[in-house]
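Structure, as structure tokens:
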Amino acid sequence: MEELSPEQQQATSRLIRTWITSETLRHQIRQLLNLPVDWDMSEQHRSMLDELDRKRNE
């Protein structure tokens, strides 16, 4: 098997990071792994996550 160049490795890493930051995908991964998903998070934590999402989308 041919090794990836550093540029290809970086591109793959960026793609995977983008892919796993999707909330829908994280939920699906948790379900596939049968991990508990806590939908009843405190308002403080929810607002912190919302703020992070807004900053990421700027």
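The values are calculated or read from the model by the stated rules, or taken from the named source; none is laboratory data. Keep in mind that this is a model prediction, so the values were computed, not measured. Here Cβ is always computed from backbone atoms with ideal geometry, including for glycine, and neighbour counts include all displayed protein chains. For accessibility, only protein heavy atoms count, side chains too; no ligands or nucleic acids. Shrake-Rupley method; radii C 1.70, N 1.55, O 1.52, S 1.80 Å.
Here is how the numbers come out for the structure above:
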quantity	calculated
Subset of the stretch 18-48 (residues that are at pLDDT 80 or above and open to solvent by less than 80 Å² (accessible area, probe 1.4 Å))	47
Pair list, Cβ < 7 Å and 6+ apart or interchain, from the stretch 1-29 residues that are within 22 Å of residue 50 (Cα to Cα) to residues that are of a type outside the set (A, V, I, L, M, F, W, C) and surrounded by 10 or more Cβ atoms within 10 Å (Cβ to Cβ)	20/26
